[in-house]
Structures are given as structure tokens and as C-alpha cells.
1. Can you tell me the dipole magnitude for the range A:63-195 around its Cα centre, using point charges on the Cβ only (Lys, Arg +1; Asp, Glu -1), in Debye to the nearest 20?
2. Given a cut-off of under 8 Å on Cα pairs at least six residues apart, what relative contact order in percent is computed for chain B?
3. How high is the relative contact order of chain A, in percent, with contacts defined as C-alpha pairs under 8 Å that are six or more residues apart?
4. Could you identify which residue out of A:G60, A:G103, A:G163 has the top mean-square fluctuation in a GNM of chain A using Cα springs shorter than 10 Å?
5. Report, in degrees rounded to the nearest 10, the 0 to 90 angle that the Cα long axis of helix B:107-136 makes with the longest principal axis of chain B.
6. Rounded if a/c is under 1.5, else prolate if a/b beats b/c, else oblate: with a ≥ b ≥ c from the C-alpha gyration tensor eigenvalues square-rooted, which is chain B?
7. GNM, chain A, Cα, under 10 Å: largest mean-square fluctuation among A:A192, A:A94, A:A155?
8. Classify chain A as rounded, prolate or oblate, taking a ≥ b ≥ c as the square roots of the eigenvalues of its Cα gyration tensor: rounded when a/c is under 1.5, otherwise prolate if a/b is larger than b/c and oblate if not.
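Please treat every number below as a calculation from the coordinates, not as lab data. Predicted model only: the values in this text are computed from it and were never measured. Cβ atoms come from the backbone with ideal geometry, glycine included; neighbour counts cover every protein chain shown.
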Amino acid sequence: MMLLQMFFWLFITLLLYVVFRRLYQLLPYPFMIPVLTCTVVLVVVLTSFDVSYDTYFSGGQWIDALLGPAIVALAFPLYKQRKLLNKFKVEIFATVVTASLLGILSGYWLAVVSGYNEMIVSTIISKNVTTPVAMEVASMTGGQPAFAVIFVMIAGIGGAVTGPWLFQLLGISNFLGIGMAFGGASHAIGTAKALEYGEREAAISSIGLSLCALCVSLLGPLLLKWIS
Amino acid sequence: MKPQGIKVLQLMSSRINKYLIISLQIGFLFGFYLVGGYLQKTLALPVPGSVVGMLILLIGLYLKWIPIQWISQGASALLNHLPLLFVPVTVGIMQHLDFFSGKSLWLVPIVLVSTWIVMGATGLLGQFLANRKEWDR
């Protein structure tokens with residue numbers, strides 16, 4: 001029974017992905033990205049049939065296990081675009097620091113102004129980086145790792161969905177701008193979106209996501225101590 | 001009749017070969033992930049194990065210790081389907097649906113606005129700096 005459930009949810013996830021990926025190709029609106037559509041459908045199905053997340057994850061974990069190697073695989077576009085990265089190393093450094101600082105400070109400021117407590121403030125500053133780092137920063141600074149996961153998801157999916165509109169609005173069409181905006185603001189989910197734009201955007205986005213993770217994990221706790 | 005049968009067999013075996021290569025290469029990438037995780041834990045590094053693994057692989061590729069052919073097909077397969085790999089984690093949001101009611105709900109626009117600030121400013125700065133470099137040449 002357990003085994004059957006496992007295979008069932010694994011199969012359903014794969015099936016939904018295949019269907020929604022095809023649908024996204026037919027209707028390429030930003031809000032149709034498969035991460036969002038698949039997640040929404042699965043959450044609705046699971047909650048309406050009263051299936052627990054643990055039951056779902058017994059099947060989902062087989063897909064989740066590939067996420068780590070996939071992040072490792074980002075070395076591939078990075079290596080292929082090494083000349084580009086080398087050429088723009090100063091620009092990359094400047095934008096990484098900007099993205100990390102703005103992510104921390106704007107999150108901090110908006111949460112403080114809205115009257116949220118210290119726990120929320122400490123958690124929100126790391127929302128622009130990849131989940132394990134955000135959770136780590138949250139627990140280091142007295143935040144709540146479970147909330148960190150939610151913030152990271154909103155920043156990731158929200159950024160991947162609204163990014164294309166924002167770029168149009170601000171007239172951003174350059175690969176360095178687009179790549180770093182996705183990697184710096186929406187981490188790995190943004191990088192998955194940047195892959196749609198091209199290999200140069202993806203390479204910049206991957207380097208952005210890794211360097212911002214490093215930068216925020218070092219700067220986040222420090223800045224929080226200074227400004228509060 | 002016979003040549004056609006052989007052709008189909010050849011096609012099938014090349015297909016199977018391709019999937020075998022992809023699986024082996026993903027296994028190889030998984031090794032880097034494990035090593036990265038181990039290093040992250042033992043050295044208490046501030047970045048996740050997967051990013052450590054990525055950096056090790058990148059160094060290996062740079063120094064030509066690892067030929068690009070050892071990972072190219074597996075890496076492309078994983079990156080082509082990167083959105084799928086996030087789904088099991090993001091579905092975890094169902095455990096926190098009560099978060100989206102009451103006062104916490106306001107945190108959603110806050111996170112979005114902060115994300116737009118980062119995206120907009122970083123995008124504009126990146127574009128400006130890249131263009132300036134192109135003009136200088």
C-alpha cells in the first residue's frame with residue numbers, strides 16, 4: 001500500500017509536469033510556469049482529498065533527490081560561459097553585492113515599517129537566497145526556518161512570474177541585467193526561468209545565485225546586528 | 001525486412017545507450033553533491049552542500065581534471081527539467097496554508113515588493129555596467 005502510494009504520487013507529479021510543460025509551450029504566459037501550475041494543482045488535490053504532505057513526499061522525494069545534483073550541474077553552463085564570466089567579473093561582483101544588500105535592507109525596512117516582530121524581520125532578510133541558506137541564516141539570527149521556506153518560495157515564484165513584466169517596464173533587455181536580477185532576487189527558481197532566455201543569462205543567474213547565497217549568509221547576520 | 005529490423009535494433013540500442021549515459025552522468029553529479037554536503041558539514045561552510053559541489057565540479061572542469069563529456073549530457077538533462085525538481089518542495093507550502101490568513105498575509109506583498117526592488121535595481125545596474133563596458137571597447 002505504502003509502495004503503491006509512493007509510485008502513485010511520483011507518477012502524478014511527473015504526469016502533471018509533462019502536461020503543464022506542454023501547456024506552457026502553448027500558452028507561454030509568465031504565470032503559466034510549470035513550478036507554479038503543478039504546485040497549485042497538487043496542493044488543491046492533496047488538501048481536498050485529505051492527503052498529508054508526508055504521504056505525498058514519499059513519492060516526491062525521488063524527484064527532490066535530483067535537486068542537489070541539478071544545482072551541481074549548473075557548473076556546466078558556468079564552465080561553457082567562462083570567458084563571459086571572466087570578462088564581466090567586476091560587473092558581476094558589483095551587482096551581487098547590490099542584490100544582497102538591497103534584499104536584506106529592503107526586507108528589513110519593509111517588515112519593520114509594517115510593525116512585524118523581530119522573528120519575522122530576522123527571517124525575511126534572507127528570502128532572496130536559496131532555501132538551505134535562508135533557513136540557516138534564519139536560525140542563526142533568531143528567525144523561523146519554516147517561515148524562511150515560505151518567503152523563499154514567494155520570492156522565487158513571484159520573481160520568476162513577474163520578472164518578464166518588470167523587465168519590460170524598466171526596459172531591461174541585457175543578459176547581465178536579466179541574469180543577475182533572476183539569480184539575485186529569485187535564486188534557483190529564477191535561474192530555471194533564466195534558462196528560458198538563453199545560456200548567457202543562465203550562467204550569470206547561476207553565478208548570481210551562488211555568490212548571493214555566500215554574500216547574504218555572511219552579510220545578513222552582520223547587518224542585522226548593526227542596524228537593530 | 002532484415003536490414004530494417006537491424007536498423008530498429010540499432011536505433012533502440014542507441015536510445016538505451018543515451019539514457020544509460022545520462023543516468024551514469026547524473027550519478028556522477030550526485031557524487032559531487034555528496035562530497036559538497038560532507039565538506040559543508042565538516043568545515044561548517046556558510047553555503048549549501050550543493051553549491052559547494054558545484055564549485056568543486058567547476059574547478060575540476062577548469063583544471064581539465066574532468067572532461068566536459070563526462071557530465072554534459074546528464075547536466076543538460078537535469079537543467080532542462082529544473083522546474084520539475086522544485087515541485088515536491090514547493091508543494092510543502094500546503095503545511096503552512098494557515099500562514100496565508102490573518103496578519104501574516106501582509107508579508108506576501110512585502111516579500112514581493114522587496115523582490116521587485118532587488119530585481120529592478122540589480123537588472124538596471126547590470127544592464128548599465130554591461131553596456132558601459134561594451135561602449136568602452
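1. For this selection, approximately 580 debye.
2. 18 percent.
3. Relative contact order of chain A: 19 percent.
4. Highest fluctuation among the options: A:G60.
5. It works out to around 70 degrees.
6. Prolate.
7. A:A94
8. Oblate is the answer for chain A, as a/c is 1.5 or above yet b/c matches or exceeds a/b.
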